[in-house]
Amino acid sequence: MCTVNRRGVLLSGGVDSATALMRLVARGEKNITAYYLKIWLEDELSYMGDCPWEEDLAYARAVCEHAGVPLEVVSLQQEYYDRVVSYALAELRAGRTPSPDIFCNQRIKFGAFLERLGTEVDTVVSGHYARIEHHSGEAWLL
């Protein structure tokens, strides 16, 4: 019996994740869904700086349209606040310098997102933490 491997691609709007998606398409992968994680809190934390998420999402949509791959926007704003922002604010109040990006990857991209996704896909691909393996003269980004 043939098993179809369902691929989920975390698409940030950046070059690395777009390249990962396009490599899957170029390899002939058919069962792909791209996911854009919307985590930025637009109004509540605007004092922390701007996040060009709308531009990133527009780019992600354009990449998916070009690739013929569906894109789903996953809102993880509350999880981001609860698991990352609250930690960063507590650390700042305690006089320490937080590193929220580490917790964003751990608690959101590879935490809340995977929890939300459940068994919807068999493999999640992103532009983060790429490893390269060589198979039959071809480089695979892992």
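The values are calculated or read from the model by the stated rules, or taken from the named source; none is laboratory data. Everything quoted here is computed from the prediction, not taken from an experiment. Here the Cβ positions follow ideal geometry from the backbone for every residue, glycine too, while neighbour counts run over all protein chains shown.
Sub-9 Å Cβ pairs linking a first residue in segment 115-142 that is under 30 Å from Ser75 (Cα atoms) and charged (D, E, K, R) to a second residue that is surrounded by 13 or more Cβ atoms within 10 Å (Cβ to Cβ) and at pLDDT below 85, at least 6 apart or interchain, are Arg131/Trp140; Arg131/Leu141, ordered by first then second residue. Checked against the criteria, Phe110 does not count as of a type in the set (Phe, Trp, Tyr), in contact with a helix residue (DSSP H, G or I) (Cβ under 7 Å, 6 or more places away or on another chain) and closer than 20 Å to Ser17 by Cα. Residues being farther than 21 Å from Phe113 by Cβ and modelled with pLDDT under 90 are represented in segment 10-31 by at least one member. For segment 18-39, residues that are of a type in the set (Gly, Ala, Ser) and closer than 26 Å to Pro100 by Cβ total 3. Checked against the criterion of being over 18 Å from Ile32 (Cα atoms), surrounded by 13 or more Cβ atoms within 10 Å (Cβ to Cβ) and at pLDDT 80 or above, segment 110-127 has at least one qualifying residue.
Give Arg83, Arg61 a once-over and let me know the one that is within 15 Å of the chain's Cα centre (by Cα) and surrounded by 12 or more Cβ atoms within 10 Å (Cβ to Cβ).
On the way: Arg83 fails: within 15 Å of the chain's Cα centre (by Cα).
Being within 15 Å of the chain's Cα centre (by Cα) and surrounded by 12 or more Cβ atoms within 10 Å (Cβ to Cβ) holds for just one of Arg83, Arg61, which is Arg61.
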